[in-house]
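Take a look at the structure set out below.
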């Protein structure tokens, strides 16, 4: 396949790998979690204080046990998602503390907002699975907010959902609640029902929260995205090759830990690194450099026979405007075209992760559908070509009244829900609405028509009881 984005030659990937192995063997990676240090020490790694140095043999052994694809199971088997090889998943935005309103104002997110996003995900034709911490609610105790988020993710949608890596205790809670939903914690052991985001702490570190969460999820064989978010020129080298080398060492160290805990644990090789804006010092996720890193991440993951992860509809714009559309389309289409398997932040993000927008969610959702149509394999069978029909219509004829056109007119082409295809007069007669205004109306319609998916009342009761018990324990 031909692509104008830089395609790394094998010798270039070999060079990045070799440099990463040198880093792991000489400089090492710090793990701020005592149990992680013990696990590495028992496996024969060199451990000095919090520093872990790994041999290439240890890394290659870990890579040999990590699967190249896996399935995340949902409460409704129709919503199971495959991750890896040619399969890819759209997941919503993640980690925004604010919500941007349609008038451009920004406010603190609430639990009601989170629930609303769960409902939009559940009713989406294109977003494949539910998220975690799509927004960070300000009206719920931060010490126990993960319990509320997980409960909503499970009860308000029967799609697969993401787990909580906010702390080791939060990871345990995620496993316990997933176990309740699946009729017992042992039923999820080495049976993926959730996936969690484990971020390194660039340069060359893992926090105690992330390392502890990784250990807990790996013990039960629950998939984890091990990802880096480095700022080129700040928390990572200024060059693409240098940053790829540094973050590769971080990711490989995390993969090694997961496989030492439980060989065969599904892992996704991830990255949302980008450039630092040298004028302001801010992370620029709308930059073309982000898409360069997306493409490189897919290639490195393929080099290691692992599924890959990147961001999707990412933008630095503070509004769902033309800039947001331009940057999101570049990032999302690059991710899908490059072969990324798990696309987080597919819908809703504004302002370099600072906020979510309901209108942007709907616009991005439509973009997801458009890109999925773009990469759908083309049928070139004899039936699809239909040479007999072409000969019958002949020179100067028309195909509008052909039976095949009637048969396929509603399914052959992508039909947008909120994008405008009307002429000026029709658009004006319908109210002259811009796409964000149409998106706002679409949000209202979707939420009004939402029906909560069925769940065993005993399961719902057990989840509520668990949340109440844990909140009481956390509050002391």
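The values are calculated or read from the model by the stated rules, or taken from the named source; none is laboratory data. Model, not experiment: these values are computed from the prediction. All Cβ positions, even for glycine, are placed from backbone atoms using ideal geometry, and neighbour counts span all protein chains on display.
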| request: Hey, can you tell me all the residues within the stretch 102-123 that are in contact (Cβ under 8 Å) with a residue 12 or more places away in the chain, in a loop (DSSP other than H, G, I, E, B) and farther than 19 Å from residue 455 by Cα? | output: 102, 104, 109, 110
| said: As an exercise: evaluate residue 264 against (1) surrounded by fewer than 20 Cβ atoms within 10 Å (Cβ to Cβ); (2) in contact with a helix residue (DSSP H, G or I) (Cβ under 6 Å, 6 or more places away or on another chain); (3) farther than 22 Å from residue 39 by Cα and give the number of the one condition it does not meet. | reply: (3)
| said: Residues that are touching a residue at least 12 places away in the same chain (Cβ under 8 Å), under 27 Å from residue 78 (Cβ atoms) and surrounded by fewer than 14 Cβ atoms within 10 Å (Cβ to Cβ): does the stretch 392-407 have at least one? | reply: no
| Residues in the stretch 233-256 that are touching a helix residue (DSSP H, G or I) at 6+ places or on another chain (Cβ under 8 Å) and assigned to a helix (DSSP H, G or I): how many? | 13
| message | Quick test for you: out of 49, 93, pick the one residue that is loosely packed, with under 13 Cβ neighbours inside 10 Å and in contact with a strand residue (DSSP E or B) (Cβ under 9 Å, 6 or more places away or on another chain). | response | 49
| said: Given the options 108, 68, 112, name the one that is out of contact with any strand residue (DSSP E or B) (no Cβ under 8 Å at 6 or more places or on another chain), at pLDDT 95 or above and either within 30 Å of residue 183 (Cβ to Cβ) or surrounded by fewer than 23 Cβ atoms within 10 Å (Cβ to Cβ) (or both). | reply: 112
| task | Scan 158, 139, 173 and give me the residue that is touching a residue at least 40 places away in the same chain (Cβ under 8 Å) and not in a helix (DSSP H, G or I). | result | 158
| task | Go through the stretch 380-391 residue by residue and tally those that are surrounded by 10 or more Cβ atoms within 10 Å (Cβ to Cβ) and either touching a residue at least 12 places away in the same chain (Cβ under 8 Å) or in a loop (DSSP other than H, G, I, E, B) (or both). | result | 2
| Which residues, taken from the stretch 124-148, are crowded, with 16+ Cβ neighbours inside 10 Å and within 21 Å of residue 418 (Cβ to Cβ)? | 124, 126, 127, 128, 134
| said: Tell me whether the stretch 292-309 contains one or more residues that are part of a strand (DSSP E or B), within 24 Å of residue 193 (Cα to Cα) and free of Cβ contacts under 8 Å to residues at least 60 places away in the same chain. | reply: yes
| Here are some conditions: (1) closer than 14 Å to residue 132 by Cβ; (2) touching a strand residue (DSSP E or B) at 6+ places or on another chain (Cβ under 8 Å). Residue 173 meets all but one. Which one does it not meet? | (2)
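For (1) modelled with pLDDT under 95; (2) surrounded by 14 or more Cβ atoms within 10 Å (Cβ to Cβ); (3) over 30 Å from residue 367 (Cα atoms), each residue gets a yes or a no:
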{"site": "430", "(1), (2), (3)": "yes, no, no"}
{"site": "436", "(1), (2), (3)": "no, yes, no"}
{"site": "441", "(1), (2), (3)": "no, yes, no"}
{"site": "445", "(1), (2), (3)": "no, no, no"}
{"site": "453", "(1), (2), (3)": "no, yes, no"}
{"site": "462", "(1), (2), (3)": "no, yes, yes"}
{"site": "466", "(1), (2), (3)": "no, yes, yes"}
{"site": "472", "(1), (2), (3)": "no, no, yes"}
| query | Identify, please: which residue in the stretch 71-81 is in a loop (DSSP other than H, G, I, E, B) and in contact with a strand residue (DSSP E or B) (Cβ under 8 Å, 6 or more places away or on another chain) and is, among those, surrounded by the most Cβ atoms within 10 Å (Cβ to Cβ)? | reply | 74
| request: Would you check if there is a residue in the stretch 51-59 being at pLDDT 95 or above and at positive phi? | output: no
| field | Single residue of 416, 377 found to be surrounded by fewer than 10 Cβ atoms within 10 Å (Cβ to Cβ), without any contact (Cβ under 8 Å) to a residue 60 or more places away in the chain and under 23 Å from residue 330 (Cα atoms) | value | 377
| query | For the stretch 315-374, which residues satisfy the criterion of being in a loop (DSSP other than H, G, I, E, B) and either buried (at least 24 other Cβ atoms within 10 Å of the Cβ) or within 14 Å of the chain's Cα centre (by Cα) (or both)? | reply | 315, 320, 339, 340, 341, 345, 346, 347, 348, 353, 357
| task | Scan the stretch 216-232 for residues that are under 21 Å from residue 84 (Cα atoms) and part of a strand (DSSP E or B) and jot them down. | result | 224, 225, 226, 227, 228
